[in-house]
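Here's the structure we're looking at; comments come further down.
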Amino acid sequence: MTLHPKALAYASAALCGGSALLVGLINLSSPDYGRDVLELLASVYPGYHMDRTIESVMVLTGYAVVKGAALGWLFGWLYNRLVKR
């Protein structure tokens, strides 16, 4: 059985981006929700600051989509290489 790295990249990008967007939007309406997670992500993603603005949420979502796509593709590619052995 093999995985399709491109499909896995799309799915991972949607999952990571969607979850970051959801947490960021909920945090805009309820300041205590997800604060620790967002502070952690602010320390990891350059350019993202926890300002509680819609622009900040979009930057966070962009980083999460790129990270999800890259890690999903890498996982699928690595899995296929290891299964062949």
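Quick rundown of the values:
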{"item": "Tabulated pairs, region 1-19, first closer than 20 Å to GLY62 by Cβ, second modelled with pLDDT under 95 and loosely packed, with under 14 Cβ neighbours inside 10 Å, C-beta under 7 angstrom, 6+ apart or interchain", "result": "none"}
{"item": "Filter result (among the small types (Gly, Ala, Ser) and in a helix (DSSP H, G or I)) within region 1-36", "result": "ALA7, ALA9, ALA11, SER12, ALA13, ALA14, GLY17, GLY18, SER19, ALA20, GLY24, SER29"}
{"item": "For TYR79: the one exception among (1) under 21 Å from LEU3 (Cα atoms); (2) among the hydroxyl-bearing types (Ser, Thr, Tyr); (3) in a loop (DSSP other than H, G, I, E, B)", "result": "(3)"}
{"item": "Unique match (being small (Gly, Ala, Ser) and open to solvent by 50 Å² or more (accessible area, probe 1.4 Å)) among SER56, SER43", "result": "SER43"}
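The values are calculated or read from the model by the stated rules, or taken from the named source; none is laboratory data. All figures in this text were calculated on a predicted structure; none of them were measured in a lab. When we count neighbours, we look across all protein chains shown, and the Cβ atoms used for this are built from the backbone with ideal geometry, even at glycine. Heads up: the accessible areas ignore ligands, DNA and RNA and are worked out on the full protein's heavy atoms, side chains in. Shrake-Rupley method; radii C 1.70, N 1.55, O 1.52, S 1.80 Å.
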